[in-house]
1. So, of the residues in the range 412-429 that are within 25 Å of the chain's Cα centre (by Cα) and surrounded by fewer than 21 Cβ atoms within 10 Å (Cβ to Cβ), which turns out to be farthest from G280 (Cα to Cα)?
2. Name the residue that is farthest from the chain's Cα centre (by Cα), counting only residues in the range 171-196 that are of a type in the set (V, I, T) and surrounded by fewer than 17 Cβ atoms within 10 Å (Cβ to Cβ).
3. Which numbered condition in (1) of a type outside the set (D, E); (2) on the phi > 0 side of the Ramachandran plot; (3) assigned to a helix (DSSP H, G or I) is the only one that V124 fails?
4. Please state which one of V151, V168 is closer than 22 Å to A311 by Cα, of a type outside the set (S, T, N, Q) and without any contact (Cβ under 8 Å) to a residue 60 or more places away in the chain.
5. Is the range 165-172 home to any residue that is closer than 20 Å to A23 by Cβ and of a type in the set (A, V, I, L, M, F, W, C)?
6. For the condition at pLDDT below 85, under 30 Å from V322 (Cα atoms), of a type outside the set (S, T, N, Q) and touching a helix residue (DSSP H, G or I) at 6+ places or on another chain (Cβ under 9 Å), what is the one hit in A133, A126, A79?
Amino acid sequence: MNALPASTDATRKKTLRWVMAIAAAALLFDGYDLVVYGTVVPSLLRDPSQLGALDAAQAGVLGSYALMGVMVGALTAGAVGDFLGRRKLMLINIVWFSVGMALTSMATSIPAFGFQRFLTGIGVGALVATAGAVVAEFAPAGKRNFYNALVYSGVPAGGLLASLLAIVLNGVTDWRGLFIIGALPLVILFPLALLKLPESPRWLLARGRTEQALQLSITTGIPLEDGTPDAGTTSVRSRTSEQPPPAARKDGRPLAGFAALASGNYRTPTILLGLMSFCGLLLTYGLNTWLPEIMGQHGYGKTYSLTFLLALNGGAVIGGLVASRSADRFGPRAIISTTFVIAAAALVLLTVDFPFAVLLTAVAFAGVGSLGTQVLVYGFVSNYYPTPARAAGVAWCAGFGRLGGIVGPLAGGFLISAKAPSNVAFVVFAAVALAGGLVTFFVRRHRASTAPDAAPLAAADEAPATAQL
């Protein structure tokens, strides 16, 4: 079932390029949504004519509305993603968050702005949760951490785009124009995804739709199982696989969705993986929301403050890609622990009055250990679970982690409104990074299997599709 003719290799590469490009582009605009609010916060704080009088604490709460939506969207995707399929969720939520961004640009009051940010966040969360499952089921074995990093690097790349446009378009358009740009996927990405994004053959097989899975496997060149690794990758797989035995019912059929995550095999790792994501996203959203304002209080003008945001997300892109190569070689757990510690050290350096160039470098390393680390966390999680529970696993990671994303802006807003020294915020974020590294250390490793999805897939193949609904 898993052996494909050599002639299909070119077809597989073509399919993989399209799937990875579409997923990365979707997450690019997710990252844009993440950072664009941080770029406009200073303007909203200083100009009450935009939405109304706003102080730092209210701005922190307002920033958290989108993250509450992301949490709802991610958990919803986890509940339905392993039943509806990867393609449907991607298409629905590209439209959802694009429309949300457009509506947000039209808000004229703080409540309306917050509500539209919440609705937009639902689409963002569902996309983030689904992308990990897409990568795990289309990318070749032994390279999944790298491909995952390529796709999820769309998030910090979107942050880079938001930061650059905020600098370049300063004086050309206001915050509303920046949000309108975030709606472009509706007219650019959605038609492309509709034409070029296939369903996952492995998902079809896990749902018991064997004939469709086989036909799509032939059409796309995507094998139904990993099969025998390429030369030189066997040792890599044995080092990097962290997956426990598949969760199954008493009759042998695989548990799907959140039920699998709560089973004995996965219960403790699931809690720890959620805490990892909590720490990573607290750092990511806290820094992206408040870094420009904190550096502005240090005397840096608007352009310089946005440059720090640029360095933060640039470090996340480059660091995430470099670290993902190491994760494929040495295993994601050790690399994630290391990048968390790097973030803690970089944030402590920001409490010292160094020259601008040194601070900029420290911010870049903080990006490696915050959003760059979160990229690795998504890869770790998406490869930790088998196909029937994969979307739920990534959704749990993205959804529970968003509690950290909610806390980050709130904590920053509270510290700033309380007029605490900006150094205090950096120390708090550094402590969170250390906690993330410690949690990661306790995630259990498990002996690799030669085909981690084989048991659940075989069971799914034998059971009628309706039995798994």
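The values are calculated or read from the model by the stated rules, or taken from the named source; none is laboratory data. Computed from a predicted model, the values in this text were never measured in an experiment. Reconstructed Cβ throughout: ideal geometry from the backbone, glycine too, with neighbour counts over all protein chains shown.
1. Here is the first cut: in the range 412-429, the ones within 25 Å of the chain's Cα centre (by Cα) are 412-413, 425-429.
Still in the list and also surrounded by fewer than 21 Cβ atoms within 10 Å (Cβ to Cβ): 427-428.
Values: V427: 15, V428: 13 Å.
Ranking the qualifying residues of the range 412-429, first place goes to V427.
2. Filtering the range 171-196 for residues that are of a type in the set (V, I, T) and surrounded by fewer than 17 Cβ atoms within 10 Å (Cβ to Cβ), the one farthest from the chain's Cα centre (by Cα) comes out as V172.
3. So V124 meets the others, but not (2).
4. Details: V151 fails: without any contact (Cβ under 8 Å) to a residue 60 or more places away in the chain.
Step by step, each of V151, V168 is checked, and only V168 is closer than 22 Å to A311 by Cα, of a type outside the set (S, T, N, Q) and without any contact (Cβ under 8 Å) to a residue 60 or more places away in the chain.
5. The first filter runs over the range 165-172 and keeps only residues closer than 20 Å to A23 by Cβ, leaving none.
Among the residues of the range 165-172, not one is closer than 20 Å to A23 by Cβ and of a type in the set (A, V, I, L, M, F, W, C), which makes the answer no.
6. On the way: A126 fails: at pLDDT below 85; A79 fails: under 30 Å from V322 (Cα atoms).
Among A133, A126, A79, only A133 is at pLDDT below 85, under 30 Å from V322 (Cα atoms), of a type outside the set (S, T, N, Q) and touching a helix residue (DSSP H, G or I) at 6+ places or on another chain (Cβ under 9 Å).
A quick yes/no check of all residues on (1) among the aliphatic types (A, V, I, L, M); (2) at pLDDT 80 or above:
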| residue | (1), (2) |
| --- | --- |
| I318 | yes, yes |
| D328 | no, no |
| T373 | no, yes |
| N423 | no, no |
| V432 | yes, yes |
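Residues checked against (1) closer than 30 Å to V135 by Cα; (2) in contact with a Leu (Cβ under 9 Å, 6 or more places away or on another chain):
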residue	(1), (2)
L306	no, yes
G315	yes, yes
A346	no, no
L350	no, yes
V363	yes, yes
V377	yes, yes
